[in-house]
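The values are calculated or read from the model by the stated rules, or taken from the named source; none is laboratory data. Computed from a predicted structure; not experimentally measured. Cβ placement follows ideal geometry from the backbone for every residue including glycine, while neighbour counts extend to all protein chains displayed. Each accessible area value is taken on the protein alone, full model and side chains, heavy atoms only, with ligands, DNA and RNA left out. Shrake-Rupley method; radii C 1.70, N 1.55, O 1.52, S 1.80 Å.
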Amino acid sequence: MGCGLGKSKQQMQKCDKVNLSVPASIAIRAAVLIQRWYRRYVARLEIRRRCTWNIFQSIEYAGQQDQIKLYNFFVFLMQHFTPASSERNLISHIFHDDPRHGAQLETFHCYESIEVSNSYTGPRLTFPLTFCGVSKLVETFKHRQKLHARYVLQLLGETAKLLRILANINHVSTSYTKEITICGDLHGHLEDLLLIFYKNGLPSGEKPYVFNGDFVDRGKNSLEILLILFGFLLVYPHDVHLNRGNHEDHIVNLRYGFTKEVLGKYRVHGKKILKLLKKIFCWLPLATVIDHKVLVVHGGISDATDLDTIARVDRHKYVSALRPPSRTKIKNRSDVTADGPVTRRRRVCSLTHDRCVPPQRYELQCRSLQNLPTSSWTEEEEMRRRGVTGAEPRWSYSDLDPDVHDWKQIVDMLWSDPMPQNGCIHNEVRGGGCYWGPDVTEEVLGRHGLQLLIRSHECKQDGYEFCHNRRVLTIFSASNYYEVGSNRGAYIKLGPDLVPHVVQYQASQTCRELSLRQSVGWTERSALQALREQLFVHTSHLIAAFQEFDPNHTGMVSLRDWASATESVLKLGLPWRVLRPQLVSSTCSGMVDYQQWIRELTITKPNLEISDTSILETMYKNHSNLETIFRIIDTDHSGSISLEEFRQTWKLLCSHIQTEISDDAIDDLAKCIDFNKDGSIDINEFMEAFRLVDLSTGPKVTE
Amino acid sequence: MAEGIQRADISASDVHSLHKRVKDAFQAFDYEMNNTVDVREITTIIYSLGCFPSQKDIHEFIAELEEDHTGSVHLDKFLPVMTNVLMEHKFPSIPEDVLIQAFEVLDKDSKGYLDSEEMVELMTKEGESFTQDEMTEMLMALADHERRIYYKDIICQLTFDQEI
């Protein structure tokens, strides 16, 4: 390179500008080197960002699948144990709805008995709620203050009364040249909601909003978000529209943090609040249609989606979208145990996986929630996961009981995801709903005379994403969802022309934009920590897998073998070789000392002296399930369970994961975990013990 | 496959490892999981594999791959070409000290740093110019609070370990 001797005048002038005392040619060469080096650096950051993203998503979806499996297990128990069985008693209450309407009215007025002391400095709401009241509420939460339980219950009671008279599908119009704002998942990120209100204005008669579900779980301010949204709903019932998401579900909340949040913030009245919320969630509308042309729904659609059916269902019957309607009990099973369903299931078993479905028979009608074996996500399987190599066809809905048919429509609306290929297949990744293709979009939109589908449910790096020839738009409003800097949030403005305009943002605690390096760095650190935890809980399987590649017991395996072994155990479909430098600190001439590496994945163990350490590993591996079961068993939401209940929990878990653990080992464990020896176990204390700390790098980097 | 140009001292297992590396990098951008990536991501992929091509090199590389102007590149075409590039070290990276020399050349007063204004002039007007976005990002990432870029420090901070 270089300019050569005959420099043009222009170049001479350029050199003067920069005031170089070296020949321009050399300066230009230097500049080029720097540019190239910098671009390469940015490209490598981009790869890291993508990897990090994949890590978070695969762990997240694996967790959801886990949740649904656990739930299916409860369903199974309910149907196969005799009424006298103690395990059944532990969990039966989550399947019971309150049958009497009278009881509901009681619940709505339970706030009356709660007194507010003079020392309370928060807002004292009056009802009917006014704009002043709800603005005060926003201000209160902005300043991190709490609303008194009395007003929480009163507000929720009023909300429940209003929701009951709303239709399943909100119909909205953009007449009077009104623009409608549509927001996606918020997941307890109050900062993002406040940012949206700041940028876009508060909801009002002039500023209608649609909130598309998943207001709660994961973030720390789920309750505040709900109260604000319900507050605006009460003040502007014709201009604020809420759609139910898959997280507006008390069963899901047990696992993903909302239940814990409420009980933590309202120790005395939390239980009442949760009971009321359970009712409220099932009364939330299921979808919104704008100008008869745009459908807004949380998850998506399936090839069987029919809005007339959805409009007719008794939506409040589906307290948890995971639970099939109560009519489909054992006696109905005989209707569906004809050749069709059973044969199909067996075929799936042999087509795709070595591990077969366990011998117990799970409820068959709910096809989308069948306990299909987990996919092992090798490259080939990933294709199949997305239905590329033609997985089994969907069942015909007309084969099923009408109640079940309705229920499946609802599950599909709340849990489905779009896929690039044509067709409609079971959503194995999440465990519920389906994957639907562009052909299904065209068919369903066409059949209903619609032109656009707006949905949420999936986190997107830019906060939004078009697909299916721009006929489907995903909108996600929780920025920094996985970690600070992981993604932006966005909302949609829709005017009478029905052309969506997307507005993006990113909530930032330090009020400063992060550079690419910083945002990738933070997110990556967090993802890698999550990944290390996953690796840790599979320690013994990993060692076994490595030893298969190391028959001579040298203690070393090649990098390639390291990657294969790790993937075969974890089944997350991640590019292990690309991640290797971040996970394995040193290698010698292309070999990994795996024993050393496993030791490096150290954690602080809780102060438990347990003779059987494999039980500890099982505990770590299943701690989310364990926590969910705990919270279900803790019926009075006191935060602690008795030793006996703990033993029963453990046995339940063991039968779910099909592991044998002796009664002695369980007793041992129970005694150790009762830290203060008072005969009961504090759930939060116990779960704290599961925070893993990587000793090799010091204390965990928290946000 | 690139077997014909294979050097004698590269074993089959090395080739296999290279293939795996290339595939992993490729698949990070294969959003539809059908072994194709958008052609605009090719640059990122090449860089991430440790190569240091010029803009011209990249254009030639892409021209070779994208003959049907669909805007996407399939793994089957990319794999052999990229593997070949890696085996022949076609676009070798520059060692740190050469990079430091490049900075020193531009730092005429040997201050040990370059001002943001100087960087902007150089990067956006000379050589393979930066876009506005690239420039903003670089300054945000590398300049300190006095808007200076202490080049020796940043090179140490931001060096990646080489893949074997």
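Annotations for the structure displayed:
- When the GluC sites (Glu not before Pro) in the stretch A:170-233 are filtered for DSSP coil states and for at most 14 other beta-carbon atoms within 10 Å of their beta-carbon, the remaining sites are A:206.
- Reducing the stretch B:94-153 and the stretch A:209-237 to their Cα centroids gives an inter-centroid distance of 47 Å.
- Partner chain coverage, peptide A:42-52 - average Cβ within 10 angstrom: 6
- Binning the C-alpha pair distances of the stretch B:13-88 at 10 Å intervals from 0 yields a P(r) profile of 19, 59, 22, 1 %, listed from the shortest bin outward.
- Put simply, the stretch A:445-569 fits an ellipsoid with semi-axes of 43, 21, 10 Å; these come from the alpha carbon gyration tensor as the roots of five times its eigenvalues, largest first.
- A 1.4 Å probe run over the protein chains yields, for the stretch B:96-159, 51 Å² of accessible area per residue, whole-number rounding.
- For the segment A:418-427, counting C-beta atoms of other chains within 10 Å of every residue's C-beta and taking the mean gives 1.
- Highest-first packing order for the peptide set A:434-443, A:473-482 is A:473-482, A:434-443, based on the mean count of other beta carbon atoms within 10 Å.
- From most to least packed by mean Cβ count within 10 Å, the peptides A:37-43, A:487-493 give A:487-493, A:37-43.
- From the largest down, the stretch B:96-159 spans 27, 24, 22 angstrom on the principal axes of its Cα atoms.
- With the cut-off at under 18 Å, measuring from each backbone N in the stretch B:85-119 to a point 7 Å along the Cα-to-Cβ line of residue B:60 picks out B:85-94.
- Close amide H pairs (under 5 Å, H built 1.01 Å from N) link residue B:72 with B:39, residues at least 5 positions away or on another chain.
- Distance from the stretch A:409-437 to the stretch A:20-65 (C-alpha centre basis), Å: 35
- Straight Cα distances below 21 angstrom link residue B:90 to the lysines B:20, B:23, B:56, B:77, with same-chain residues fewer than 8 positions distant left out.
- Charge sum, other residues only, whose C-beta stays under 13 Å from residue A:144's C-beta, Lys/Arg counted +1 and Asp/Glu -1: +1
- Projected onto its three principal axes, the C-alpha set of chain B covers 51, 38, 24 Å, listed from the longest axis down.
- Of the GluC sites (Glu not before Pro) found in the stretch B:11-70, those in coil by DSSP whose Cβ has at most 13 other Cβ atoms within 10 Å are B:67.
- Residue A:171 long-range amide H proximity, modeled H, under 5 Å: A:289
- For the segment B:46-56, counting C-beta atoms of other chains within 10 Å of every residue's C-beta and taking the mean gives 4.
- Summary of the geometry: the stretch A:447-473 and the stretch A:537-589, compared by the centres of their Cα atoms, lie 39 Å apart.
- Here the spin labels are modelled as points 7 Å beyond Cα on the Cα-Cβ line, and at residue A:470 and residue B:89 they lie 4.9 nm apart.
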